[in-house]
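Working notes, beginning with the structure itself.
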Amino acid sequence: MKNKNGIANIYLVLVFLVLYAPIFYLMYYSFNSGGTMHEFEGFTLDYYREVVADTRLMIIMINTLVIALLSSAIATLIAIIGALAIQHVRSRRAKNTLLSLNNVLIVSPDVIIGASFLILFTIVGIKLGFTSVLLSHVAFSIPIAVIMILPHLQEMSPTLTDAARDLGATRRDVLTKVILPIIKPGIFSGFFMALTYSLDDFAVTFFVTGNGYSTLSVEIYSRARQGVSLSINALSTLIFLFTILLVIGYYYLNQRKSRPAMHIAEQVAEAGVPR
């Protein structure tokens, strides 16, 4: 057993090394004063200053954050409604069908999704730009948020909502004071996961961006095609660190324990107090 555990640990270390070595290599040379990725000549922050001083890049960064925040918020709201609808479907076959349709969008290749959106927007007449990028990001973020929210609904005991109704709570009170507080960790997890996917997406965004509008992922790709610049390393490092913070936030919310039973019971009782 010890030998098997040792081999498994070595394999795990090798996997992480292969995954993270190129990223740390990129981050390391973002501080190189020599201007190349071949030999480290000295420490400098000039490339980070160059990124901050680039007005066009700052506008693109703001565009990316606006798209990510808006699409994540809209997708999370729609996902809450979708998860509640799926949870209330009584037929097991219908519920499995809805879950399968939701999961297909997650595992579908981004190239196919991006091309499909491009064809759709062209037929409908939506101009490629902010609106097309926002709609596409909302669309591929909804299934992710649903997957995060639905397990919390499935873990919730139906007796809580029944008790709230018996105490005189309205449907609105049951939703806002019983259901939403219980699934709140799932809602935040879905929001942060959607935010991370939106910030990192390239393939779908590449298809639906128009002239004069871009996001960070598309901009980095365009600059990398023009030649190696350590400002790309600096920008990629900042994005990677920001993504790490989002992932840490997601796991923090995901690991939060459920509210104590007495506290939930108090909320149920409060929801049932006649107004």
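If the cut-off is 12 Å between C-alpha atoms, which aspartates and glutamates fall inside it for LYS184, apart from same-chain ones fewer than 8 positions away? Answer for LYS184, where 12 Å is the Cα cut-off: none of the aspartates and glutamates qualify.
Taking only Cα atoms, what is the 0 to 90° angle, nearest 10, from helix 110-124's long axis to the longest principal axis of the chain? Compared with the principal axis, the helix lies near 80 degrees. Between 0 and 90 degrees, the angle of helix 92-107 with respect to the longest Cα principal axis of the chain falls at about 10 degrees. Accessible area per residue was computed with a 1.4 Å probe on protein heavy atoms; VAL111 scores about 90 Å². Determine the share of the chain's accessible area contributed by carbon and sulfur atoms, expressed in whole percent, with a 1.4 angstrom probe. Its accessible area is 67 percent carbon and sulfur atoms.
Across SER231, SER214, SER91, mean-square fluctuation computed from a Gaussian network of the chain (C-alpha pairs under 10 Å connected) peaks at SER91. The order of LYS184, LYS177 by accessible area, most exposed first and with a 1.4 Å probe, is LYS184, LYS177.
Probe radius 1.4 Å, ligands and nucleic acids left out: which of HIS38, HIS137, HIS152, HIS88 has the largest accessible area, and how do the rest follow?
So the residues, ranked largest to smallest area, are HIS38, HIS88, HIS152, HIS137.
Within the assembled protein chains, the solvent-accessible surface assigned to LEU135 is about 80 Å², based on a 1.4 Å probe.
When only the heavy atoms of the protein chains count and the probe is 1.4 Å, how do PHE121, PHE24, PHE43 rank by accessible area, highest first?
PHE43, PHE24, PHE121
Heavy-atom accessible surface of the range 49-188, averaged per residue, reaches 57 Å², computed with a 1.4 Å probe.
The values are calculated or read from the model by the stated rules, or taken from the named source; none is laboratory data. Given the structure is predicted, the values throughout are model-derived calculations rather than measurements. To get the accessible areas, we keep the full protein, side chains included, count just its heavy atoms, and leave off ligands, DNA and RNA. Shrake-Rupley method; radii C 1.70, N 1.55, O 1.52, S 1.80 Å.
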